[in-house]
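J.: Okay, here's the structure, questions in a sec.
The values are calculated or read from the model by the stated rules, or taken from the named source; none is laboratory data. Treat the numbers as computed from the prediction; the structure is a model and nothing was measured. Positions of Cβ are generated from backbone atoms using ideal geometry, with glycine treated the same way; all protein chains shown enter the neighbour counts. The protein model used for the area step is the full one, side chains on, heavy atoms only, and it has no ligands, DNA or RNA in it. Shrake-Rupley method; radii C 1.70, N 1.55, O 1.52, S 1.80 Å.
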Amino acid sequence: MRWRLPAALAVLMVLLTGCGPSFPGLRLRVAAGSVGGVYHDLAAPLATAWAGELGIEQPAVLATQGSRDNLNRVLSGSADVAFVAADLAADAAAAHPGKLAALARIHDDYLHVVVREDSPYTSVGMLKGHPIAVGSPESGVEYIADRVLQVAGLKGISPVTPLGLEASLAALRDRKIDALFWSGGLPTPLITQYNREIGLRLLDLSALMPGMQRFSTVYGTATIPGSTYDQPGPVTTLVVPNFLVVPTSMPADVAEALTKGLYDARPQLAAVNRAALSIDVHPGIETEPLPLHPGALAYYRAEKV
């Protein structure tokens, strides 16, 4: 990233123009997850909104393997903003103290364990010995799937394949696997698409939730309504928050402008995916155990949150 002009010069520009802050030399790279996922859906309109609001070149939206990959890119300096699941963010913050900060808590991800509608499986335990796709390598999906399989007693017993969402759905369609894991917002467009094509069913995770919550306090219990994917009824599953993560080295005024731009862009984001309807300043400050960036904190204080 090339950071902004010196603060004194930028302030002078604002006074001369009467406009908001401008960052003409700023270039951003946004680590956005796999194509077809909610992260990637939201990243493109957010990048466009930031370009307009900050007066910068269109930020690059990077297709990645998911949360773990996104975190590694921010830590290595190859990305400037990342969509990251809270469980991985918590682990990264502990492993790399003082390196990462959050701009906001955004939407929550719902764990999907998906089987074909015509399959006999009604619980994760019934998948013992059956092939399962567990998300892309280095993704948040793979991370949660490993924990679920441990709690269900299937780790090392059921063969697992690391596949991205679209490849997983194609493998399920072609009967090369019997189930897939996905963690995403509601609805996830590719799951909706394949549900119409071949018929899918979500497995209820009620029995596994106590074990999962022993792994991490960021995990919550939630319901996916039947209407989301035209299911017979609601299913109970795991929910994990998502954060927008930046390096702590990001200048405070850049972080503040990006945070403001996020909330200003909510209508555009919601038009792309309904998961963005949950983006709000009040839950937005709830990023523990990852600290808010001082620039983001300045925005929330100005908004009297």
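J.: Anyone know which of SER76, SER139, SER206 comes out most mobile in the 10 Å Cα GNM of the chain?
T.: SER76
J.: How high is the relative contact order of the range 184-276, in percent, with contacts defined as C-alpha pairs under 8 Å that are six or more residues apart? Each step should come with its number before you reach the end.
T.: Working: 69 pairs, mean separation 25.3, N = 93.
Relative contact order of the range 184-276: 27 percent.
J.: Now for a separate question. Before anything else, pin down the relative contact order of the chain: Cα pairs under 8 Å, at least 6 apart, normalised by residue count, whole percent.
T.: Worked out over the chain, it gives 25 percent.
J.: Just subtract the alpha-carbon distance of HIS282 and SER123 from 0.36 nm times their residue separation and send over the number in nm, one decimal.
T.: Values: separation 159, 0.36 × 159 = 57.24 nm, distance 3.58 nm.
Separation in residues times 0.36 nm, less the Cα-Cα distance, equals 53.7 nm.
J.: Continuing with the same structure: Would you work out what percent of the accessible area of the chain, with all protein chains in place, is carbon or sulfur (probe 1.4 Å)?
T.: Answer for the chain is 56 percent, counting heavy atoms of protein chains only.
J.: Next question, about the same structure. Cut-off 10 angstrom, C-alpha nodes, Gaussian network model of the chain. Which of ALA152, ALA271, ALA82 fluctuates the most?
T.: Result for the chain, Cα springs under 10 Å: ALA271 fluctuates most.
J.: Follow-up question, since we're still on this one. Figure the gain on full extension for SER206 and THR48 (residue separation times 0.36 nm, minus the Cα-Cα span) and round it to one decimal in nm.
T.: 52.9 nm
J.: Let me ask something additional. Throw me the Rg/Rh for the range 45-145, computed over C-alpha atoms with Kirkwood Rh, two decimals.
T.: On the way: Rg = 17.4 Å, Rh = 16.1 Å.
Rg/Rh for the range 45-145 comes to 1.08.
J.: While we're here: Label point 7 Å out from LYS99 along Cα-to-Cβ: which residues of the range 135-161 have amide N under 19 Å?
T.: 138-140, 143
J.: Once you have the Cα-Cα distance between ASP91 and ALA270, take 0.36 nm times their residue separation minus that, and quote the gain in nm to one decimal.
T.: The ASP91-ALA270 span can extend by a further 61.5 nm.
J.: Can you say what percent of the DSSP beta bridges in the chain, counting only those with both residues inside, are antiparallel? Round to 5.
T.: Counting DSSP beta bridges with both partners in the chain, the antiparallel share is about 70 percent.
J.: To continue, here is another question. Below 28 Å, Cα to Cα, which lysines can LYS304 reach? Residues fewer than 8 away in the same chain don't count.
T.: Correct list for LYS304: LYS99, LYS260.
J.: Scan around ALA179 for amide H atoms under 5 Å from its own, H built in the peptide plane at 1.01 Å from N, and keep only partners 5 or more places away or cross-chain.
T.: Residues meeting the amide H criterion: ALA133.
J.: Now a separate question. Which whole-Hz ³J(HN,Hα) couplings does the range 91-104 yield from phi under the Karplus relation 6.51 cos²θ - 1.76 cosθ + 1.60, θ = phi - 60°, glycine and proline marked x?
T.: With the stated coefficients, the range 91-104 comes to 5, 5, 5, 6, 7, 10, x, x, 9, 10, 9, 10, 8, 5 Hz.
J.: Rounded to the nearest 500, what is the 222 nm mean residue ellipticity of the chain from helices alone, with -39500 (n - 2.57) per DSSP H run of 4+ residues and division by all residues?
T.: Helix-only estimate at 222 nm: -11500 deg cm²/dmol.
J.: Give me the accessible area per residue for the chain, probe 1.4 Å, as a whole number in Å².
T.: In whole numbers, the chain has 42 Å² accessible per residue.
J.: Most fluctuating residue of ALA275, ALA255, ALA92 in a GNM of the chain with Cα springs under 10 Å: which is it?
T.: Sorting by GNM fluctuation, first place goes to ALA92.
J.: Now a separate question. Tell me the net charge near THR188. Cut-off is 12 Å between Cβ atoms, THR188 excluded, with +1 for each Lys or Arg and -1 for each Asp or Glu.
T.: In short, -2.
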